[in-house]
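*Asks:* This is the structure I want to talk about, given as structure tokens.
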């Protein structure tokens with residue numbers, strides 16, 4: 001039996017358990033850094049499969065690492081499992097987690113045979129968009145010694161090199177002064193007006209930004225009562241651009257818009273967060289080509305060049321991983337259209353028959369790609385020369 005057949009045989013033995021794990025995580029959504037149940041269930045599944053598992057790694061209670069095999073080529077499989085507030089697993093992280101665990105279990109079967117060490121890394125809080133789990137794990141050494149990393153992400157359709165751009169999320173706070181809104185308005189400093197000025201400035205800025213830039217956010221506190229001049233207002237904003245370099249430029253412009261709000265109203269401005277942005281994704285071409293071949297062997301069909309996909313760009317801390325080591329982050333289709341990611345309708349699609357098929361195909365495609373990386377002499381040598389080190 002060849003290595004890929006052996007990996008598939010091992011996955012098939014766990015398939016029903018892996019799919020049930022996806023459904024269980026989906027039914028119990030937990031937001032970033034609070035994924036206690038999901039992290040425990042994933043760790044237990046890997047322990048039962050014979051992995052050496054360490055939980056709570058890098059001072060992150062809901063992170064873990066599970067390892068199998070002892071070969072020289074060390075491959076990481078990233079599992080995400082946080083949900084979105086209010087709409088649950090509307091980005092399908094239950095599918096991501098199950099596919100990565102399934103791929104790890106499949107690859108572990110033949111790891112020593114082909115010269116692999118396989119690690120499944122539990123990476124919490126991808127959705128926070130600032131200092132996400134993978135960034136903290138990178139900084140704290142969880143990826144040290146690995147040569148490459150992979151994962152698959154559910155989407156309406158399959159894409160090998162999904163467009164992923166840089167992003168920074170930060171919180172804006174204005175501090176003004178309360179006053180009776182009718183009797184003594186002149187004695188107040190309106191922090192809500194500061195946000196209005198800033199949002200107007202951002203709206204006008206949009207005609208002078210690149211078509212690939214993004215600016216979006218929400219007000220999380222607008223005041224306390226309509227008859228009190230709002231003294232404290234808060235908003236959360238995300239700024240995105242093609243690269244970290246472009247991101248710094250557009251973010252500076254957006255920050256000046258918030259400064260304008262403070263200047264116009266006399267409010268005091270505070271900005272928190274944004275120091276650990278998400279990076280753009282660099283898809284490794286050899287790994288991407290291998291993934292495509294393996295996914296197509298399972299019947300997956302990839303669209304021809306689609307210019308609309310360049311506009312449909314997201315952001316993830318997997319981008320930061322890709323700047324540190326060769327990596328891929330393909331999208332795997334779950335036949336959800338017209339529903340798309342971050343809609344409640346997409347949440348419902350993440351436990352359908354198509355979603356379960358995505359887990360199976362995603363796990364096998366990743367496992368087989370790991371085999372190809374280990375058995376292609378040129379790729380293997382290239383990866384072995386680029387081991388991840390913590391500075």
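Each value in this text was obtained by applying a stated rule to the coordinates, not by laboratory testing. Keep in mind that this is a model prediction, so the values were computed, not measured. When we count neighbours, we look across all protein chains shown, and the Cβ atoms used for this are built from the backbone with ideal geometry, even at glycine.
*Asks:* Normalised by the number of residues in the chain, what is the relative contact order in percent for Cα pairs under 8 Å and 6+ residues apart?
*Replies:* 24 percent
*Asks:* By its C-alpha gyration tensor, with a ≥ b ≥ c as the square roots of the eigenvalues, how is region 236-314 shaped: rounded for a/c under 1.5, else prolate for a/b larger than b/c, else oblate?
*Replies:* Since a/c reaches 1.5 and a/b is larger than b/c, the shape of region 236-314 is classed as prolate.
*Asks:* Which label belongs to the value computed from this structure, given these candidates for Cα Rg over 2.2 N^0.38 Å: (1) 1.02; (2) 1.16; (3) 1.07?
*Replies:* Matching entry in (1) 1.02; (2) 1.16; (3) 1.07: (3).
*Asks:* I'd like the orientation of helix 3-27 relative to the chain: the angle between its Cα long axis and the longest Cα principal axis, in ° from 0 to 90, rounded to 10.
*Replies:* Roughly 30 degrees between the two axes.
*Asks:* While we're looking at this one, here's another question. Taking only Cα atoms, what is the 0 to 90° angle, nearest 10, from helix 285-297's long axis to the longest principal axis of the chain?
*Replies:* The answer is roughly 70 degrees.
*Asks:* I'd like to compare 20-33, 150-163, 122-135: which one has the highest average count of other Cβ atoms within 10 Å, and what's the full order after that?
*Replies:* 122-135, 150-163, 20-33
*Asks:* Let a ≥ b ≥ c be the square roots of the eigenvalues of the Cα gyration tensor of region 38-145; is it rounded (a/c under 1.5), or, if not, prolate (a/b larger than b/c) or oblate?
*Replies:* Note, shape of region 38-145 comes out prolate.
*Asks:* Sticking with this one: Starting from the Cα-Cα distance between residue 175 and residue 58, subtract it from 0.36 nm times their residue separation and give me the gain in nm to one decimal.
*Replies:* Full extension from residue 175 to residue 58 adds 38.5 nm.
*Asks:* Another question, if that's okay. If one takes the longest principal axis of the Cα atoms in the chain, at what angle in degrees, from 0 to 90 and to the nearest 10, does the Cα axis of helix 36-48 lie?
*Replies:* It works out to around 10 degrees.
*Asks:* Oh, and also: Compute the relative contact order of region 47-89 as a whole-number percentage, counting only Cα pairs closer than 8 Å that sit 6 or more residues apart in sequence.
*Replies:* Rounded, it is 25 percent for region 47-89.
*Asks:* Now, a different point. With springs only between Cα atoms under 10 Å, which of 144, 35, 186 fluctuates most in a Gaussian network model of the chain?
*Replies:* Largest GNM mean-square fluctuation: 186.
*Asks:* What is the Rg over Rh value, at two decimals, for region 166-272, using alpha-carbon atoms and the Kirkwood definition of Rh?
*Replies:* With Rh from the inverse mean 1/r over Cα pairs, Rg/Rh is 1.04.
*Asks:* Separate question: Need one number: nm distance between label points at residue 289 and residue 264, each 7 Å from Cα along Cα→Cβ, rounded to one decimal.
*Replies:* With each label point 7 Å from Cα toward Cβ, the separation is 5.4 nm.
*Asks:* While we're on this one: Can you give me the C-alpha center-to-center distance between region 326-391 and region 146-201, rounded to a whole angstrom?
*Replies:* Their Cα centres are 30 Å away from one another.
*Asks:* Can you tell me what share of the DSSP beta bridges in the chain is antiparallel? A percent to the nearest 5 is fine.
*Replies:* Antiparallel bridges: around 70 percent, rounded to the nearest 5.
*Asks:* Still on this structure: Pick from 191, 327, 367: which residue has the top mean-square fluctuation in a GNM of the chain where Cα pairs under 10 Å get a spring?
*Replies:* Maximum among the listed residues: 191.
*Asks:* Okay, moving on. When the helices in the chain are scored as -39500 (n - 2.57) per DSSP H run of 4 or longer and the sum is shared across all residues, what 222 nm value do you end up with, to the nearest 500 deg cm²/dmol?
*Replies:* Mean residue ellipticity at 222 nm (helix-derived): -13500 deg cm²/dmol.
*Asks:* Among 13, 207, 343, determine the one that fluctuates most according to a GNM of the chain built with springs between C-alpha atoms less than 10 Å apart.
*Replies:* 207
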